[in-house]
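Heads up: the structure comes next, in structure tokens.
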Amino acid sequence: MRVSSHKLAIALTERIGPVVPRPVTLVAADREISVYSDGIRVGGAAAANILDLRDRPLNKLLQTAVLSGLGDIQDMVIREIQAQWPVERDGTLALPGARVDDASVISFWYGKNERAAAVSFRPIELSEIVD
């Protein structure tokens with residue numbers, strides 16, 4: 001079984017894209033998530049490329065790739081909107097979180113934990129991202 005970094009980038013973009021604040025938008029481009037502000041590319045998250053390393057178990061690679069992507073996107077959004085995003089109920093920055101169940105379901109969010117997430121996303125099934 002080969003996990004596709006391109007399909008992971010698409011799955012993350014489909015889930016995170018709808019919740020990023022405007023004028024920021026996300027576009028899956030090959031194995032990267034491109035970040036745009038007012039239609040101008042301002043950066044990218046190439047975290048899905050971590051899957052190419054193959055130097056640790058798949059569930060750890062997936063978790064690392066998702067956490068890295070969430071963090072990269074968050075950093076660029078904050079830079080573009082000049083404000084914390086997303087935030088917890090108490091106004092503090094909601095940090096990225098991710099969990100992989102037996103390398104078959106990837107759950108991810110921004111927040112203190114999965115149950116009390118400031119923003120949570122529809123999980124990614126491994127079947128969505130294999131070639």
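The values are calculated or read from the model by the stated rules, or taken from the named source; none is laboratory data. The structure displayed is predicted, hence computed values, not measured ones. For neighbour counting, all protein chains shown are included, and Cβ atoms are generated from backbone atoms with ideal geometry for every residue, glycine included.
Residues of segment 99-123 being aliphatic (A, V, I, L, M) and touching an Asp or Glu at 6+ places or on another chain (Cβ under 9 Å), which ones? So that I can check it myself, show each step before the final result.
Taking segment 99-123 first, the residues aliphatic (A, V, I, L, M) are 100, 103, 105-106, 116-119.
Scanning segment 99-123 gives Val105, Ile106, Ala116, Ala118.
Against the numbered list (1) more than 12 Å from the chain's Cα centre (by Cα); (2) surrounded by fewer than 19 Cβ atoms within 10 Å (Cβ to Cβ); (3) more than 15 Å from Val119 (Cβ to Cβ); (4) modelled with pLDDT under 95, Gln82 comes up short only at (4).
Among the criteria (1) touching a helix residue (DSSP H, G or I) at 6+ places or on another chain (Cβ under 8 Å); (2) in a helix (DSSP H, G or I), the one Arg122 does not fulfil is (2). As a summary of the residue check, Arg56 satisfies the conditions (1) farther than 17 Å from Leu8 by Cβ; (2) free of Cβ contacts under 8 Å to residues at least 12 places away in the same chain; (3) not hydroxyl-bearing (Ser, Thr, Tyr) except for the one numbered (1).
In summary, strands (runs of 3 or more DSSP E) completely within segment 1-113 and bearing 2 or more residues that are of a type in the set (A, V, I, L, M) and over 18 Å from Ile124 (Cα atoms) occur at 24-29, 40-45.
Report, by residue number, each residue of segment 22-71 that is of a type in the set (Val, Ile, Thr), over 22 Å from Gly111 (Cα atoms) and surrounded by fewer than 19 Cβ atoms within 10 Å (Cβ to Cβ). Can you show your working first?
Residues of segment 22-71 of a type in the set (Val, Ile, Thr): 24-25, 27, 33, 35, 40, 42, 50, 64, 66.
Now drop any that are not over 22 Å from Gly111 (Cα atoms), which leaves 27, 40, 42, 50.
Result: Val27, Ile40, Val42.
What are the residues in segment 95-131 that are over 17 Å from Asn59 (Cα atoms), over 14 Å from the mean Cα position of the chain (by Cα) and surrounded by 16 or more Cβ atoms within 10 Å (Cβ to Cβ), if any? Within segment 95-131, Lys112, Ala117, Ala118 meet the criteria.
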